[in-house]
Amino acid sequence: MRKVSEIEQFLCEMSPLPLAESWDNVGLLIGRRSASVNKVMTCLTLSPDVAEEACAAGVGLIVTHHPFPFKPSSKYTDATVEGRLFLRLIESGIAVFSSHTAFDGASEGINELILRGLGFSEMEPITQRDGLIGGVGRMTRGDLTVDQILDKLKGFLALKQISIVKGKPKVRKVGVVCGSGGDFISTAHAKGIDCFITGEATFHHSLLARSLGMNLILVGHYFSERFAMEIMAQRIGVKFPEISVFASQVESDPLALG
Ligand SMILES: [Zn+2]
């Protein structure tokens, strides 16, 4: 048995919360710090099916990448999906923790894990936070073709197909912002990034990338982040070997190829 507060402390060491974006909602979001936990589940998003899985497994703490709750709500009743989910967790005594953008930008966080997965070892934040190790995204110098990067990404993320806006075939600088990184295209271009990898972007972001001559690779929001929650489960399990830790088995990408 471990206290919620002990696991919280470890998660905050892994992803210092001051790294999170100002709009984010991170840290312990639901639960008592003094509660005992002998089972932890990680997931990308707390959806009703994932919550049911946690209840059935007797989980005491869910570490979710996307915060729940995210925005303040004045009502939590059974009239809405969010309200039912909140009530289910509270009534089941399940605590919820999220490090979200703090984990994205941390050293050994999601963006860094993606570049390491592509074989890169030296990297720096695309935009640095004052006084903090980390920031938004990660970038590195490379000497690859965009087709080689696509192949490596398919291998690392176990994907058969990846969407791309094609720019110049020869890549000199690769940047990554996991999740929805379309708003960082201009910043990335200003930093000399000619291959920008993110989860999802809009049609207009794609047009912007094309007009800049930048390769824009869209691996899907789910796939850009979900793998890291399996790594998160492994890390918690190594730190606290006496408790059971697993990544959600039922979670899946809501989008499918038709
Ligand atoms: Zn995300």
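Just so you know, all these numbers are worked out from the coordinates, no wet-lab data involved. What you are looking at is a predicted structure, and each value in this text was computed from that prediction instead of being measured. In this analysis, Cβ positions are derived from the backbone assuming ideal geometry, glycine residues included, and neighbour counts consider all displayed protein chains.
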- Which chymotrypsin sites (Phe, Trp or Tyr not before Pro) does segment 30-89 hold that lie in a coil by DSSP with at most 15 other beta carbons within 10 Å? Phe70, Tyr76
- Task: Specify the longest stretch of the chain that does not include any exposed loop site, a site being one of the trypsin sites (Lys or Arg not before Pro) with a non-H, G, I, E, B DSSP assignment and at most 11 other Cβ atoms within 10 Å.
- Result: 161-258
- Note on the structure: With -39,500 (n - 2.57) per DSSP H segment of 4 or more residues and division by the full residue count of the chain, the 222 nm estimate, nearest 500 deg cm²/dmol, is -10500 deg cm²/dmol
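Which GluC sites (Glu not before Pro) in segment 103-170 sit in a loop by DSSP (not H, G, I, E or B) and have at most 12 other Cβ atoms within 10 Å of their own Cβ?
Working: sites: Glu108, Glu112, Glu122; in loops: Glu108, Glu122.
Loop-located and lightly packed - Glu122.
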- Query: If you count the DSSP beta bridges with both ends in the chain, what percent of them are antiparallel, to the nearest 5?
  - Reply: 45 percent
- Item | Under the Karplus curve 6.51 cos²θ - 1.76 cosθ + 1.60, θ = phi - 60°, whole-Hz ³J(HN,Hα) for segment 110-118, x wherever Gly or Pro sits | 4, 5, 5, 4, 5, 5, 5, x, 8
- When only alpha-carbon atoms count, how far does segment 107-223 stretch along each of its three principal axes, as whole angstroms with the largest first? 36, 28, 28
- Query: If the limit is 24 Å between Cα atoms, which of Lys152/Lys173; Lys168/Lys191; Lys3/Lys75; Lys166/Lys191; Lys39/Lys239 go over it?
  - Reply: Lys3/Lys75
